[in-house]
There are 2 protein chains.
Amino acid sequence: MQVYEAPLRDMRFVLHELHGDDGFGDLAAHAEFTPDLLDAVLEEAARMAQEILLPLNAPGDIEGCRIENGVVRTPAGFKAAYDQFREAGWAALASDPQWGGQGLPESINKLVEEMICATNVSFSLYPGLTHGATTAIEGHASDDLKQAYLPKMVSGEWSGTMCLTESHCGTDLGLLRTRAVPQEDGSFRVTGSKIFISAGDHDLTDNVIHLVLARMPDAPPGVKGISLFLVPKFLPNADGTLGNANGVTVAGIEHKMGMKASATCQMNFDDSVGWLVGEPHKGMAAMFTMMNTERVSVGVQGLGIGEAAYQSAVAYARERLQGRALGGAKRPDLPADPIIVHPDVRRMLMTARVYTEGCRALGGWVSRALDAEKASADPEVRARATDFIALMTPVVKALFTDLGYESANLAVQTYGGHGYIREHGVEQYVRDARIAMIYEGTNGIQALDLVGRKMPARMGRNLRAFFHPVSSFLDAHEGEEAIKPMAQGLRQAFGALQLATGMIAQRGMKDPEEAGAAATDYLRLLGLVGMGYCFLKSARIAGQRLAEGTDEAGFYKAKLATAGFFFDRILPQATAAFLAIKSGKRSTMALAEDAF
Amino acid sequence: MQVYEAPLRDMRFVLHELHGDDGFGDLAAHAEFTPDLLDAVLEEAARMAQEILLPLNAPGDIEGCRIENGVVRTPAGFKAAYDQFREAGWAALASDPQWGGQGLPESINKLVEEMICATNVSFSLYPGLTHGATTAIEGHASDDLKQAYLPKMVSGEWSGTMCLTESHCGTDLGLLRTRAVPQEDGSFRVTGSKIFISAGDHDLTDNVIHLVLARMPDAPPGVKGISLFLVPKFLPNADGTLGNANGVTVAGIEHKMGMKASATCQMNFDDSVGWLVGEPHKGMAAMFTMMNTERVSVGVQGLGIGEAAYQSAVAYARERLQGRALGGAKRPDLPADPIIVHPDVRRMLMTARVYTEGCRALGGWVSRALDAEKASADPEVRARATDFIALMTPVVKALFTDLGYESANLAVQTYGGHGYIREHGVEQYVRDARIAMIYEGTNGIQALDLVGRKMPARMGRNLRAFFHPVSSFLDAHEGEEAIKPMAQGLRQAFGALQLATGMIAQRGMKDPEEAGAAATDYLRLLGLVGMGYCFLKSARIAGQRLAEGTDEAGFYKAKLATAGFFFDRILPQATAAFLAIKSGKRSTMALAEDAF
């Protein structure tokens, strides 16, 4: 069964205890949000997710979306849930108060997103895409457009989309064909077909605001000729009420592996009225504002599903009686022991647990940087935050979704045959999680972004925003008895990462295919070091709390156990990644193309 | 799109070139089957799979099975395909000629199975389960039962099942509740409910012969009180025609993640007439005869799906135009390069290719042992074959299905967003492949079987059947210039495997949980060494052929490239597995049960 209780204690640990000394300040600019207030928000969010979203998750998967009279219908209950969600203000949590948002820090918003994704990742896309679209409008649109659209989008009354992909181009948007013809009144007429448009149409809001990549007639070829346009489904009147339909139609919805309650639409724009967002031919920059926000959020999808899958697996492992503990019966009163006694079942549960805790901790660090970038009074901190976010965005996207998928698979494996059956609900996690490794740029593209752009950028300055705190922490604390063996593990993996960085930089300069062949392993290596750093810090804090005496000894002991498992059982993957990188591109490129 | 062309050249390589000196002889006992004849069988099988089974694979997934008037209906076309399959003799390929089989060696049968699984794994279960059931009947049933059932089962006129699992017990069959009450005429009356019965009911054959695990009234508790019974759906008359229905009903079919054209049934036996197969209370032994056969076949499912997924990914990577090669455009005549030029795409394709070639090669070695065990004139060879099969059965089952699943996922990733959409057909491979890691004993159970039973058995004699050829080959050839770096890699991994074996043996003696905590990593380590051995041998043969001069230089060069990728990029996983094993059970068992 799908069970979920928001991991509030661990979330508070990440929020309040883990990242205070990581260089991005103490949420100081958000001083109006006291820790107590933030905790109360988390508790409310947990209730909302558990009570409103979770019950719709499995039924939504079974029912799916459908088209009725040219309009997409979401599964039963989604509209009511969305109304509750919106009316309680969850849609506007992190948005700018200028547009009606609540202005909460990303450090809290990303934890709420995690809960939403854990309980109903299909649902999460509707407000999620809207949030991405408002970010792009805020960053790039004219004041008129902002005034006309942001209040209703921030409140969730209208939703948003990102219309990028066409059937012949996803990664390579330079090939796109949708046209935008300028009109005398300054507007444009947009014509073309887009595919894979999440929340492209649905029955949750009255209007859908599309952000559409298209070419003007005079556009240069390739990505340098793409502009971004705002194209509403219905044209708003001057008073904000809805006017005429705008030639935006949904041509079909996709039959997908999962995420069935999220409508993935083929959209046709037929001479639709649109307005330019940002500069002509600079649509890619505006699009990346939206995309980068979304990439971190997609990472959070992996984390959320991983946590839900983990919890569902634990519940089953406690309850399913099968066999006896290898060292002798643990529950002789029962016909068999619960399977959680078996080391190999614990291996699976611990792996999933470590992945979610590790990603949550690393994600919390990135959220802290997102807040500092926006709100820190110190320009140096803001700049460092920008560097760090640039570096970590592809890592969060790819690492979290890879590991979330693995956790979902471990949950199915824990259930055995029952995991393969729809009614138990865990195979849905696998199907739902699979897309997160693909959309918003495949994980391979994230890895190329990391090694090809983020790593070399500005003489490695992005990397320093990550290497420096890791290195300082190790220098300061690796001798401490309580964490010594773990610190040695991290030191070694960090050394491998530094070596690999040098190798890739050097080889990649002469031959970019060398960087490309190393990319995926390098991203994993960097992610493992990032998680290892968080676990080492966590273990140190836990050790201190336990030494001081605490009435939460159970929590801190568990944190030590989780960190121990990470260093013993997960971090060794770093060695394999390093060896693969070291071998270079040779064997990846050796096979003749026609011999595949 | 799902495309598949049987990899006949690689199959012939495994069949004729790779395993001649691996200690199990040269299929000598099957001398009547000349290499030319075997190759002709492979070609015929390829045609059958490609032309009859493949076209039904995607439609079968969409339509699925359903119950109509108490009978399971398979998807459109399955009955006609099964008739063709059976009439052409494919059902009886490896069965004993005494019962109407063609008696072909397993070395060829497993390759044919691979093709069937690659093109329609749902279909494969109908003849596959029958084959498992006939094996158990041949090995354990009375002559009367054999005479009455084997000819019609071997011909495929009747099908078979394995009725083991009940809702509260899968792995732990000691808990099962189905009852068998002896009758005066020597028959039994069987009553109980079974779940997850593949091919439990369907419309492909006139009769279904169930092999049912049940308890007699006087049975001791646990697994020592389980007996095996043959229970037909319809009771045959003395003349072989079908008589009365036998109280066997299908209570429902499961809604599964995949394998939708394979009916997974809940079966009720209500005072059904059955006959004992084998000794009373020794049902587990008879069941394992069937189960071990099936375990190797389930491994082959992983291999087959992996190959099909790989080929589908290659086809897409050749055709999908997106971006330019990192080193400059490769196809300036096209709007973009095909994505196969990108190193990270090649990494995915090469990984899947190496997994399938590696598993096929290792599987070929095991098939050779299966043939030698049955047919070798030399009792020492037969004994060694038995040892080797015992050791490798869990490895083939778990390793091949893990890697097949990974290959299916790599294919989806290669397709990007299109891979997530049903119409492209590759997400089906992921859904279909997922169950193979679970059924016939989860992969975790396979690993426990390996470390808990197969490894320590008879003072490590099973292991020696594997270690000895690896060690001899390295001793004899590791100095050869052409394969030196690969041989060093294998020597190192083999050393780690030997060390790990010693560690587990020593620690596991004092504490079986130590063996349990190491099991999955140990199985992977052993599997990697096994594949490495096969790749090293393959590379050596390829090098020799190329040096001698050959008109198949393309094939042998590709083999060298594949081997190179394995040693550079895949074998490093052995280090991670070794380090995880070395860390012991501590961190796996550290977390308090209530802290999960």
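The values are calculated or read from the model by the stated rules, or taken from the named source; none is laboratory data. Fair warning: this is a prediction, and the values are worked out from it, not measured in the lab. As a convention, Cβ positions derive from the backbone with ideal geometry for all residues, glycine included, and neighbour counts pool all protein chains shown.
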Number of positions in the stretch B:227-253 that are under 21 Å from B:Arg66 (Cα atoms), surrounded by 23 or more Cβ atoms within 10 Å (Cβ to Cβ) and not β-branched (Val, Ile, Thr): 1
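Determine whether the stretch B:361-374 contains at least one residue that is within 14 Å of chain A (Cβ to nearest Cβ) and at pLDDT 95 or above.
Of the stretch B:361-374, the ones within 14 Å of chain A (Cβ to nearest Cβ) are none.
No: the stretch B:361-374 contains no residue that is within 14 Å of chain A (Cβ to nearest Cβ) and at pLDDT 95 or above.
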Whichever residue in the stretch B:326-350 is assigned to a loop (DSSP other than H, G, I, E, B) and at the interface with another protein chain (Cβ under 8 Å from one of its Cβ atoms) and, among such residues, is modelled with the highest pLDDT: B:His342
In the stretch B:153-178, residue surrounded by the most Cβ atoms within 10 Å (Cβ to Cβ) [restricted to those that are more than 20 Å from the chain's Cα centre (by Cα) and part of a strand (DSSP E or B)]: B:Trp158
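Take B:Ala309 and decide whether it is in contact with a strand residue (DSSP E or B) (Cβ under 9 Å, 6 or more places away or on another chain), in contact (Cβ under 8 Å) with a residue 24 or more places away in the chain, closer than 18 Å to B:Thr562 by Cβ and of a type in the set (A, V, I, L, M, F, W, C).
Numbers: in contact with a strand residue (DSSP E or B) (Cβ under 9 Å, 6 or more places away or on another chain): no; in contact (Cβ under 8 Å) with a residue 24 or more places away in the chain: yes; closer than 18 Å to B:Thr562 by Cβ: yes; of a type in the set (A, V, I, L, M, F, W, C): yes.
It is false that B:Ala309 is in contact with a strand residue (DSSP E or B) (Cβ under 9 Å, 6 or more places away or on another chain), in contact (Cβ under 8 Å) with a residue 24 or more places away in the chain, closer than 18 Å to B:Thr562 by Cβ and of a type in the set (A, V, I, L, M, F, W, C).
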Filtered residues of the stretch B:561-581 (kept if closer than 20 Å to B:Ala500 by Cα, facing chain A (nearest Cβ under 7 Å) and in a helix (DSSP H, G or I)): B:Gln573, B:Thr575, B:Ala576, B:Leu579, B:Ala580
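Being surrounded by 20 or more Cβ atoms within 10 Å (Cβ to Cβ) and in contact with a His (Cβ under 8 Å, 6 or more places away or on another chain) narrows it down to one residue among A:Ala518, A:Ala487; which is it? Write out each step before concluding.
Numbers: A:Ala518 fails: in contact with a His (Cβ under 8 Å, 6 or more places away or on another chain).
Of A:Ala518, A:Ala487, the one residue that is surrounded by 20 or more Cβ atoms within 10 Å (Cβ to Cβ) and in contact with a His (Cβ under 8 Å, 6 or more places away or on another chain) is A:Ala487.
Let me confirm something: among B:Asp594, B:Asp568, B:Asp551, which residue is free of Cβ contacts under 8 Å to residues at least 40 places away in the same chain and crowded, with 21+ Cβ neighbours inside 10 Å? Quick ask: steps written out before the conclusion?
On the way: B:Asp594 fails: crowded, with 21+ Cβ neighbours inside 10 Å; B:Asp551 fails: crowded, with 21+ Cβ neighbours inside 10 Å.
Going through B:Asp594, B:Asp568, B:Asp551 in turn, just one is free of Cβ contacts under 8 Å to residues at least 40 places away in the same chain and crowded, with 21+ Cβ neighbours inside 10 Å: B:Asp568.
Just a yes or no: is a residue in the stretch A:408-417 facing another protein chain (nearest Cβ under 10 Å) and within 20 Å of the chain's Cα centre (by Cα)?
Initial filter on the stretch A:408-417 (facing another protein chain (nearest Cβ under 10 Å)): A:409, A:412-417.
Okay, now just the ones that are also within 20 Å of the chain's Cα centre (by Cα), so A:409.
For the stretch A:408-417, residues facing another protein chain (nearest Cβ under 10 Å) and within 20 Å of the chain's Cα centre (by Cα): present.
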Selection within the stretch B:263-280 - touching a Gly at 6+ places or on another chain (Cβ under 7 Å) and not acidic (Asp, Glu): B:Ala263, B:Cys265, B:Gln266, B:Met267, B:Phe269, B:Ser272
Which listed residue, of B:Lys224, B:Lys194, is of a type in the set (Lys, Arg) and either farther than 30 Å from A:Val426 by Cα or assigned by TED's automatic domain parsing to the domain that holds B:Ile67 (or both): B:Lys224
The stretch A:244-279: number of residues that are acidic (Asp, Glu), within 14 Å of chain B (Cβ to nearest Cβ) and not in a loop (DSSP other than H, G, I, E, B): 0
Neighbours by Cβ (under 8 Å, 6+ apart or cross-chain): first from the stretch A:427-446, more than 13 Å from B:Val430 (Cβ to Cβ) and within 7 Å of chain B (Cβ to nearest Cβ); second part of a loop (DSSP other than H, G, I, E, B) and modelled with pLDDT under 95: A:Thr442/A:Thr171
Among (1) surrounded by 24 or more Cβ atoms within 10 Å (Cβ to Cβ); (2) of a type in the set (S, T, N, Q); (3) touching a residue at least 60 places away in the same chain (Cβ under 8 Å) - the single one A:Ser587 does not satisfy: (3)
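Condition check: surrounded by fewer than 15 Cβ atoms within 10 Å (Cβ to Cβ) and at pLDDT 95 or above. Does A:Gln446 satisfy that?
Values: surrounded by fewer than 15 Cβ atoms within 10 Å (Cβ to Cβ): no; at pLDDT 95 or above: yes.
In short, no.
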